[in-house]
Amino acid sequence: MTEDLAGLDQRQIVHRGAWERKPSVRLIYRDFHERLLRACPEGRILDIGGGTAHVKNFRPDVVSTDILSFPGIDVVADAHRLPFPDDVFSGVVMLDVLHHLERPVEFLKEASRVLKPGGRLAMIEPAMTTLARPFYERFHEEPVDMTTDPFADVTINPDRDPFDANQGVPTLLFATEAARTRVQEAVPSLAVRSVTWLSLFAYPLSGGFQPWSLMPAYLVRSMLAFEERVSEVVRKHIAFRMMIVLERR
């Protein structure tokens, strides 16, 4: 790593180190970022929760924000209170961010505020499918609580760790028609356009940002192409990720 990382959160440094050591993960994230960017109209794009600014490897002109500073992050900000005027972005993209947010519905309202009419919010998040949920519950360091109410009012905790999470939140908000209807009632300025089930084999086999991997880089593209041919009925039961696209009315 060539950046000056002094004074940064050690977890960010570990994350960036794994990114640089694992070409399979970089290829999988290229696919994620390309999907997110393709989902947005042409124009100015905001990346929320950019972490260690991976998206800059694929589109350098994206405005990258995070609650923690890191090389490549353009603006340090809380996703619930974005320091931008109304109606300025054509797209907002997020990768593994929503399940870290303390007040997800409040965030959706804020994302809608900064989007232009017709602009899109595209997110890729953990999916609690039949196959994936036991793995997340037993082997992932972030908790899964499917009993929480993501619509509930939450008192702001100024001392909250930015890495705190509930991996169940995206599934609770978007996995069913009833949940999506409730989101649209809570945030009427956003319409849910699509929910797609991703990450069937390549990502879990890669080990993600863990030190191990069962997926060599030369197999990643072939595996991703194979995943695209799996039927939606099967994907809904075995996917490890979900991609959600909402549009500003």
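Bear in mind that the values in this text are calculations on the coordinates, not laboratory data. Everything numeric in this text was worked out from a predicted model, so none of it was measured. We place every Cβ from the backbone using ideal geometry, glycine too, and count neighbours over all the protein chains shown.
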(request) Report the relative contact order of the stretch 5-78, percent, no decimals, based on alpha-carbon pairs under 8 angstrom and at least 6 residues apart. (result) 24 percent
(message) Charges on Cβ only, +1 for Lys and Arg, -1 for Asp and Glu, centred on the Cα centroid of the chain; of F58, L219, A132, which one is farthest towards the dipole's positive end?
(response) L219
(message) I need the shape label for the stretch 130-249. Rule: rounded when a/c is under 1.5, else prolate if a/b > b/c, else oblate, with a, b, c from the alpha carbon gyration tensor.
(response) oblate
(message) Full-extension gain between A178 and D153, please, as 0.36 nm times their residue separation minus the C-alpha to C-alpha distance.
(response) 7.0 nm
(message) Whole angstrom only: what separates the Cα centroid of the stretch 199-249 from the Cα centroid of the stretch 23-68?
(response) 17 Å
(message) Show me, for the stretch 15-31, the HN-Hα J-couplings you get by feeding each phi into the Karplus relation (A = 6.51, B = -1.76, C = 1.60, θ = phi - 60°), rounded to Hz, glycine and proline as x.
(response) 4, 5, x, 5, 4, 6, 7, 10, x, 5, 5, 4, 5, 5, 5, 4, 4
(request) Arrange the peptides 152-160, 48-56 so that the one whose residues have, on average, the most other Cβ atoms within 10 Å appears first. (result) 48-56, 152-160
(request) Report the relative contact order of the chain, percent, no decimals, based on alpha-carbon pairs under 8 angstrom and at least 6 residues apart. (result) 21 percent
(request) Grab the DSSP H runs of the chain that are 4 residues or longer, score each as -39,500 (n - 2.57), total them, divide by all residues and round the 222 nm result to the nearest 500 deg cm²/dmol. (result) -9500 deg cm²/dmol
(request) Just the number, please: percent antiparallel of the DSSP beta bridges in the stretch 10-248, rounded to the nearest 5. (result) 55 percent
